[in-house]
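Asks: Before anything else, here's the structure in question.
The values are calculated or read from the model by the stated rules, or taken from the named source; none is laboratory data. Everything quoted here is computed from the prediction, not taken from an experiment. Here Cβ is always computed from backbone atoms with ideal geometry, including for glycine, and neighbour counts include all displayed protein chains. Keep in mind that these areas ignore ligands, DNA and RNA; they rest on the heavy atoms of the full protein, side chains included. Shrake-Rupley method; radii C 1.70, N 1.55, O 1.52, S 1.80 Å.
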Amino acid sequence: MTSISEDFVKNLLEHMEDWFSDDEQFQLARLEKRFYPYTHLFSPVQVNRLRMKNRIVMGPMVNINMAEEYGRPNDKMIQYFSERARGGVGLITSGLVPIGQAADPTLTEKEGQTNFPLITGSRTVFSGWRDLAESIHSYGAHFFIQLSPGMGRVGDPESLLNKHKLPVSASWNPNFYIPAIPCRPLTDGECRRIIKQAGQASANAKAMTIDGVYLHGHEGYLLEQMTNPAFNRRVLSHFSNWQTFGLETVREIRERVGPDYPVMYRIDLSLALNATYGERMATIGSLRKFRHERQVAETLEYMANLVKEGVDLFDVDLGCYENWWLPHPPNSLPSGVFLPVSRLVKKFFAENKILSNAGLPVPVVAVGKLGYPDLAEKALRDEMCDMIMLARPLLADPQWANKAYAGRVDEICPCIGDQEACLNELVEGGHVKCSVDPRTGLEDVIPRELVRVETPRKIGVVGAGPGGILAAITASQRGHRVTLYEAHERLGGWLVAGSVPKTKYEVGNYLTYLKGQVDRCSKEHGLTIKLNTTVTPESLKNEKFDALVLCSGAKPVRPEVEGAEPPHVVQAVNLFLHPEWVKDARDVVVVGGGTVGCEVAHWLTAEYGKQVSVLEMLPHFMKGVCTANRGHLIHDLERRGAKLFNCTRVTSIHTGGVTVARNISSTVPDPYITWAPLLPENIPNPLAKPIREEIVEETLKADLVVLAVGLQADHSLFEACQLQNVAGDIIAIGDNFHIGRVFEAVEAGFNVGNSL
Ligand SMILES: Cc1cc2nc3c(=O)[nH]c(=O)nc-3n(C[C@H](O)[C@H](O)[C@H](O)COP(=O)(O)O)c2cc1C
């Protein structure tokens with residue numbers, strides 16, 4: 001076997017931190033078509049007995065709350081996948097489907113109900129899978145089910161709190177959410193039962209006309225806990241060799257499904273914990289146990305052994321829960337983030353002449369921010385991988401493949417990587433949705449085609465942020481006569497400021513897409529755009545609109561603090577639009593540690609090399625933000641030397657500095673923790689320690705103070721219009737109603753435009 005240096009992972013992570021100073025990196029991360037026609041992307045590929053029509057694979061995204069409470073896939077799940085099959089994808093994979101619920105208490109709730117789809121246990125769940133597979137097939141796509149032995153230590157800690165059962169793992173390991181909760185090792189008997197369940201689940205899948213099974217062996221879930229020495233430190237067990245559980249699982253599956261049935265395996269080349277946390281691996285209690293993670297060369301050897309047992313196809317990434325921004329790369333990471341990883345594996349398979357048991361080359365699927373057809377095509381042409389997996393890009397645009405094939409690349413709606421409506425929505429208790437596609441996850445209730453109106457109405461939309469644009473284009477596509485007003489010279493609202501940092505290139509791409517949609521709508525549906533136009537209730541009344549949609553946004557909050565006045569005190573949103581104000585500053589203090597505060601701080605350190613301190617009154621920075629996005633931003637702020645002060649209140653701002661009241665008690669949480677998440681507020685943590693107060697006054701040097709303490713909804717236009725009866729229907733959405741994210745604005749804009 002080739003010897004592969006562990007520096008590979010370290011170097012790759014280092015590149016990920018500085019990628020945005022490399023302009024070439026941006027060239028392919030645009031919705032352009034320099035490499036059209038996409039002959040490689042749309043060429044067939046053979047996997048065991050199956051011939052896929054193209055090289056595009058829909059990545060697994062867990063289908064929580066898309067099944068009945070006993071596990072049968074419901075109409076929501078069927079419509080959601082059918083839409084992506086109809087969109088031209090060659091291979092669809094389900095999200096993780098657990099099989100080990102007898103052993104892993106985190107997979108079911110107190111009453112035995114589950115929010116996962118299931119394929120084990122009883123025939124009552126089968127018909128949903130048949131309907132799903134048959135529907136996907138009718139569009140010429142194949143379908144694999146992702147089987148997961150369970151969550152183990154990354155499962156919901158409520159199992160202990162509600163069921164009084166310890167969660168499980170391969171060895172004694174801390175629970176990820178509440179590290180003080182220990183996870184007990186599975187017994188050998190339980191492991192053997194899970195292996196049998198994997199075989200039975202695969203046989204069930206085959207009988208349900210599902211085309212292949214896909215093992216969920218990455219990101220530190222239970223299968224990886226058993227197959228990575230970081231987590232599996234068993235002694236005197238049949239499974240103390242960390243390869244045994246995985247190899248025996250594949251063997252059992254092969255025995256049950258026969259030689260022809262495709263088996264896919266998802267693996268991380270490395271957990272990349274040592275490369276992420278360096279010396280902290282020895283000092284942080286909940287990381288220390290995981291120091292001896294599987295090495296790259298060991299992963300490759302394990303993969304070769306898996307092929308011998310019957311694996312036909314792999315996809316490969318990096319990372320686990322403790323560095324969640326790797327398996328779930330947020331907007332701050334580069335496009336094509338794991339292409340070097342798939343290239344390394346592909347090269348290893350070629351050099352070692354590794355063939356599947358069917359005598360075929362073992363294709364390597366690349367994953368991670370590949371939603372740009374040029375980038376995907378070039379990756380295939382350059383032999384960096386054999387297939388392209390798209391997860392979030394297919395939430396953002398289910399028609400991605402059809403549009404790429406037809407060369408309608410500028411019509412692809414891009415993923416913005418905020419992960420608020422997909423990953424975070426799951427954490428908060430919902431199902432997968434999408435910030436930029438309001439129909440995603442609601443295909444069962446929102447018809448595919450907009451309904452044309454019989455009696456067009458005259459509609460005014462005020463404010464051209466994402467909510468206003470969605471309302472205007474949806475209503476005009478339905479046949480209404482729509483005028484969209486914008487006070488500024490540009491479309492986009494806050495997206496304009498939000499796309500200034502280089503790391504927010506995806507928001508920039510989305511803005512370009514929205515502008516394209518507006519242009520198209522004005523040409524094809526008569527949408528009228530009035531830029532640089534400030535409306536009043538009187539001017540709107542004169543227009544005699546039948547309906548008015550108000551989404552003119554919100555105002556930044558100015559804290560009531562002595563000295564919070566220009567010129568050296570500026571709002572973050574204004575600073576993004578006036579980078580020339582940054583030039584002379586050396587020491588910057590950002591007031592407010594929410595997303596905007598942390599993003600402006602990152603931009604100032606990464607692109608301008610400033611010394612930045614960020615002040616937050618609450619115990620945690622970016623509370624409520626997706627753990628992956630939050631984790632990466634904090635990690636990189638720390639790496640760049642930004643200082644984060646939590647439990648810190650500004651008392652006054654003056655020339656040259658900011659005076660604060662800071663809680664310096666040892667009970668204040670370490671603001672740089674990224675290896676443990678913040679729990680959603682409705683999950684009680686009885687082990688949480690209370691924070692005591694020990695307040696001191698301090699002064700921080702600052703020649704520029706940036707305010708990022710939030711936005712305030714502006715209800716004045718709505719209330720004046722309502723009072724003066726300006727139109728028959730008046731609806732306030734987006735930040736005019738409630739301060740929200742792109743997700744809420746887009747959903748509201750679409751819903752209103754679709755209902756007028
Ligand atoms: C909402 C959501 C749910 C996910 N669920 C799973 C899952 O069930 N199994 C899995 O292996 N990966 C899961 N992933 C990871 C994705 O399959 C994929 O690896 C990741 O999103 C990076 O690919 P992308 O940039 O194409 O989105 C999930 C990702 C998202 C956004």
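Asks: For a Förster distance of 30 Å, can you work out the FRET efficiency between the beta-carbons of residue 661 and residue 638, rounded to the nearest 0.05?
Replies: 0.80
Asks: A follow-up question, please. In bins 5 Å wide, starting from 0, what share of all Cα pairs of the range 126-205 does each bin hold, as a percent?
Replies: 3, 14, 17, 15, 13, 12, 11, 9, 5, 1
Asks: Using +1 on the beta carbon of Lys and Arg, -1 on that of Asp and Glu, and nothing else charged, what's the dipole of the range 305-395 about the Cα centre, debye to 20?
Replies: About 120 debye.
Asks: Given a 1.4 Å probe and heavy atoms of the protein chains only, how would you sort 486, 68, largest accessible area at the top?
Replies: Numbers: 486 15, 68 60 Å².
The residues order as 68, 486, largest area first.
Asks: Once both labels are modelled 7 Å past Cα along the beta-carbon direction, what's the residue 289-residue 723 spacing in nm?
Replies: 6.3 nm
Asks: May I pose another question? May I ask for the Kirkwood hydrodynamic radius of the range 534-678, worked out over all distinct Cα pairs and given in angstroms to one decimal? It would help to have the intermediate numbers written out before the result.
Replies: Details: mean 1/r = 0.0581 Å⁻¹.
The Cα-based Kirkwood calculation yields 17.2 Å.
Asks: Working out 0.36 nm times the residue gap between residue 577 and residue 489, then minus their Cα-Cα distance, what length gain in nm do you get to one decimal? Write down the numbers at each step before the final one.
Replies: Numbers: separation 88, 0.36 × 88 = 31.68 nm, distance 1.30 nm.
Full extension from residue 577 to residue 489 adds 30.4 nm.
Asks: In terms of Cα to Cα distance under 23 Å, which lysines are near enough to residue 308, apart from those fewer than 8 places away along the same chain?
Replies: Excluding near neighbours in sequence, the set is 196, 206, 346, 347, 353.
Asks: Same structure, new question: Calculate, for the chain, the solvent-accessible area per residue in square angstrom, rolling a 1.4 angstrom probe over the heavy atoms of the protein chains. If you can, show how the numbers build up before the last one.
Replies: On the way: 28980 Å² over 756 residues.
It amounts to 38 Å² per residue over the chain.
Asks: FRET efficiency for residue 699 and residue 428, Cβ-Cβ distance as r, R0 = 41 Å, nearest 0.05? List each step's numbers first, then the result.
Replies: Details: r = 39 Å, r/R0 = 0.94.
That pair, residue 699 with residue 428, gives E of 0.60.
Asks: Report, in cubic angstrom per residue, the convex hull volume of the C-alpha atoms of the chain.
Replies: On the way: hull volume 120.9 nm³, N = 756.
Each residue corresponds to 160 Å³ of Cα convex hull volume.
Asks: A further question on this structure: Can you give me the pair-distance distribution of the range 578-627, C-alpha pairs, 5 Å bins, whole percents?
Replies: Pair shares across the bins are 5, 21, 30, 22, 12, 7, 3.
Asks: Something else about it: For the range 650-732, take every pair of Cα atoms, bin their distances at 10 Å starting from 0, and report each bin as a whole percent.
Replies: 12, 21, 24, 20, 17, 6
Asks: Related question: Taking the mean number of other Cβ atoms within 10 Å as a proxy for protection, how do you rank 685-691, 630-636, 559-565 from highest to lowest? Walk me through the numbers on the way to the answer.
Replies: On the way: 685-691: 10.4, 630-636: 23.9, 559-565: 13.6.
Result, highest mean Cβ count within 10 Å first: 630-636, 559-565, 685-691.
Asks: Amide H neighbours of residue 268 under 5 Å, counting only residues 5+ apart in sequence or on other chains, H built in-plane at 1.01 Å?
Replies: For residue 268, the qualifying residues are 219, 317.
Asks: Can you tell me the length gained on complete extension of the stretch residue 36 to residue 586, counting 0.36 nm per residue apart and subtracting the Cα distance?
Replies: On the way: separation 550, 0.36 × 550 = 198.00 nm, distance 4.62 nm.
So the chain would gain 193.4 nm between residue 36 and residue 586.
Asks: Within the range 83-114, name every residue whose backbone N is under 15 Å away from a label modeled 7 Å from Cα of residue 190 along the Cβ vector.
Replies: 99-108
Asks: Which value, to two decimals, describes the C-alpha radius of gyration of the range 414-542 once divided by 2.2 N^0.38 Å?
Replies: Numbers: Rg = 16.1 Å, N = 129, 2.2 N^0.38 = 13.9 Å.
In units of the globular-protein estimate, the range 414-542 measures up at 1.16.
Asks: Could I have the simple spin-label model distance between residue 233 and residue 308, label points 7 Å from Cα toward Cβ, reported in nm to one decimal?
Replies: The two pseudo-label positions are separated by 2.9 nm.
Asks: Subtract the Cα-Cα distance of residue 512 and residue 670 from 0.36 nm times their separation in residues, and report this length gain in nm to one decimal.
Replies: Details: separation 158, 0.36 × 158 = 56.88 nm, distance 3.92 nm.
That works out to 53.0 nm of additional length.
Asks: Mind giving me the FRET efficiency for residue 360 and residue 406? R0 is 30 Å, r the Cβ-Cβ distance, nearest 0.05 is fine.
Replies: Values: r = 30 Å, r/R0 = 1.01.
For residue 360 and residue 406, the calculated efficiency is 0.50.
Asks: Long-range amide H contacts for residue 614: which residues qualify at under 5 Å (H placed 1.01 Å from N, peptide plane, sequence gap of 5 or more or a different chain)?
Replies: Correct list: 590, 643, 644, 645.
Asks: Counting only protein heavy atoms and a 1.4 Å probe, tell me what percentage of the range 68-223's accessible area is made up of carbon and sulfur. Numbers along the way, then the final one.
Replies: On the way: 2410 of 4880 Å².
About 49 percent, which is the carbon plus sulfur part of the accessible surface.
Asks: So, one more: Report the one residue of 36, 528, 179 whose Cα lies farthest in the direction of the positive end of the charge dipole of the chain (charges on C-beta: Lys and Arg +1, Asp and Glu -1; origin at the Cα centre).
Replies: Farthest along the dipole direction, towards plus: 36.
Asks: Report the Stokes-Einstein translational diffusion coefficient (µm² s⁻¹, integer) for the range 144-283, Rh taken as the Kirkwood radius over Cα pairs, at 4 °C with viscosity 1.567 mPa s.
Replies: Details: Rh = 15.9 Å.
Diffusion coefficient, whole number: 82 µm²/s.
Asks: How big is the equivalent ellipsoid of the range 292-395 along its three axes, where each semi-axis is √(5λ) from the Cα gyration tensor, reported in whole Å from largest to smallest?
Replies: Working: eigenvalues 110, 62, 25 Å².
So the three semi-axes of the range 292-395 are 23, 18, 11 Å.
Asks: Another question about this same structure. Starting from the Cα of residue 26, step 7 Å toward the Cβ, then list every residue of the range 576-599 with an amide N under 19 Å from that point.
Replies: Counting backbone N atoms under 19 Å from the label point, the list is 576-583, 599.
Asks: With N denoting the number of residues in the range 691-756, provide Rg(C-alpha) divided by 2.2 N^0.38 Å, to two decimal places.
Replies: Output field value: 1.83.
Asks: When the accessible area of the range 590-685 is split by element with a 1.4 Å probe, what percent falls to carbon and sulfur? Each step should come with its number before you reach the end.
Replies: Details: 1780 of 3410 Å².
So the carbon and sulfur contribution to the accessible surface is 52 percent.
Asks: From the phi of every residue in the range 662-677, what ³J(HN,Hα) in whole Hz does the Karplus formula 6.51 cos²θ - 1.76 cosθ + 1.60 yield, where θ is phi - 60° and glycine or proline is x?
Replies: 10, 7, 9, 4, 5, 7, 5, x, 5, x, 8, 5, 10, 8, 9, x
Asks: In what order, largest first, do 721, 647 sit by accessible area if the probe radius is 1.4 Å? Mind showing how you got there, number by number?
Replies: Working: 721 0, 647 20 Å².
In descending accessible area the options line up as 647, 721.
Asks: Hey, any idea what % of the range 237-346's accessible area is carbon plus sulfur with a 1.4 Å probe? List each step's numbers first, then the result.
Replies: Values: 1350 of 3020 Å².
Carbon plus sulfur share of accessible area: 45 percent.
Asks: If one computes the Cα centroid of the range 440-507 and of the range 17-34, what distance in Å separates the two points?
Replies: After rounding, the separation between the Cα centres reads 27 Å.
Asks: Evaluated at 25 °C with a viscosity of 0.890 mPa s, what Stokes-Einstein diffusion coefficient in µm²/s does the range 41-175 have when Rh comes from the Kirkwood expression over alpha-carbon pairs? Spell out each step's value before the answer.
Replies: Values: Rh = 16.0 Å.
Estimated via Stokes-Einstein, D reaches 153 µm²/s.
Asks: Right, another one. Can you tally the net charge around residue 305? Count Lys and Arg as +1, Asp and Glu as -1, for every other residue whose Cβ sits under 12 Å from the Cβ of residue 305. All intermediate terms of the calculation are to be shown ahead of the outcome.
Replies: On the way: positive: 251, 308; negative: 248, 298, 301, 309.
Surrounding charge for residue 305 is -2.
Asks: Can you list the residues, at least 5 places off or on another chain, whose amide H is less than 5 Å from the amide H of residue 593, using H built in the peptide plane?
Replies: So residue 593 has HN proximity to 617.
Asks: What's the ranking of 249-259, 658-668 by average number of surrounding C-beta atoms within 10 Å, highest first? Write down the numbers at each step before the final one.
Replies: Values: 249-259: 19.1, 658-668: 16.3.
The packing order, highest mean first, is 249-259, 658-668.
Asks: While we're on this one: Could the peptides 737-744, 299-306, 327-334 be put in order, highest first, of the mean number of other beta-carbon atoms found within 10 Å of their residues?
Replies: On the way: 737-744: 18.2, 299-306: 19.8, 327-334: 23.8.
Taking the mean over residues of other Cβ atoms within 10 Å, the ranking is 327-334, 299-306, 737-744.
Asks: Whole angstrom only: what separates the Cα centroid of the range 283-316 from the Cα centroid of the range 365-426?
Replies: Computed from Cα coordinates, the inter-centre distance equals 26 Å.
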